[in-house]
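First comes the structure, then the notes that go with it.
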Amino acid sequence: MMRSVSWALVLLAVVVIPALAYWQADWAMRAQGERGGFACGMPLLSLFLLAVLVSGLLSLVAAVLNGLDFKAQLAPRRLLRVFELVCMAAPLLLGVAVLLALLITG
């Protein structure tokens, strides 16, 4: 059960959140173009950074759930499950890197 929920969360973090951020940015750029004006790109940057942070947070929850399920398995664990756990934590690593960069640069 926890593994299924973790896969759903990773799918949400890797596909849905970036797609929504892209859709929102595309909508904003089209709205600016229809009015014949140009605007600062900082709101779009903040939108993408927020999407990375939310994806990282969802990946953290998914990795914890998958790790708990992995720990509940019996001793001869497959190497594929370790690879799965590392792949689920990849958006988390990107989110932590972005968060650290934001904290360092102020």
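The values are calculated or read from the model by the stated rules, or taken from the named source; none is laboratory data. Just so it is clear, the model here is predicted, and its values are computed rather than measured. Don't worry about glycine lacking a Cβ; one is built from the backbone with ideal geometry, like all the others, and counts go over all protein chains shown. We work out accessible area using only protein heavy atoms, side chains counted, and drop any ligands, DNA or RNA first. Shrake-Rupley method; radii C 1.70, N 1.55, O 1.52, S 1.80 Å.
The C-alpha atoms of region 32-89 occupy a region whose extents along the principal axes are 63, 16, 14 Å, arranged from largest to smallest. Want the number for residue 29 to residue 64: 0.36 nm per residue separation, take away the alpha-carbon distance, what's left? Value of the extension gain: 8.9 nm. Remind me, relative contact order of the chain in percent, using alpha carbon pairs under 8 angstrom and six or more residues apart? Contact order relative to length: 39 percent.
Here each label is just a point 7 Å from Cα along the line to Cβ, and for residue 90 and residue 8 those points are 2.3 nm apart.
Taking every protein chain into account, the accessible area of the chain amounts to 70 square angstrom per residue (probe 1.4 Å). For the chain, the Cα gyration tensor yields ellipsoid semi-axes of 35, 15, 8 Å (square root of five times each eigenvalue, largest first, whole Å). Here the accessible area of the chain is 78 percent carbon and sulfur, with a 1.4 angstrom probe and all protein chains present. In a DSSP loop and with at most 13 other Cβ atoms within 10 Å, the trypsin sites (Lys or Arg not before Pro) in region 32-106 are 35, 77, 78.
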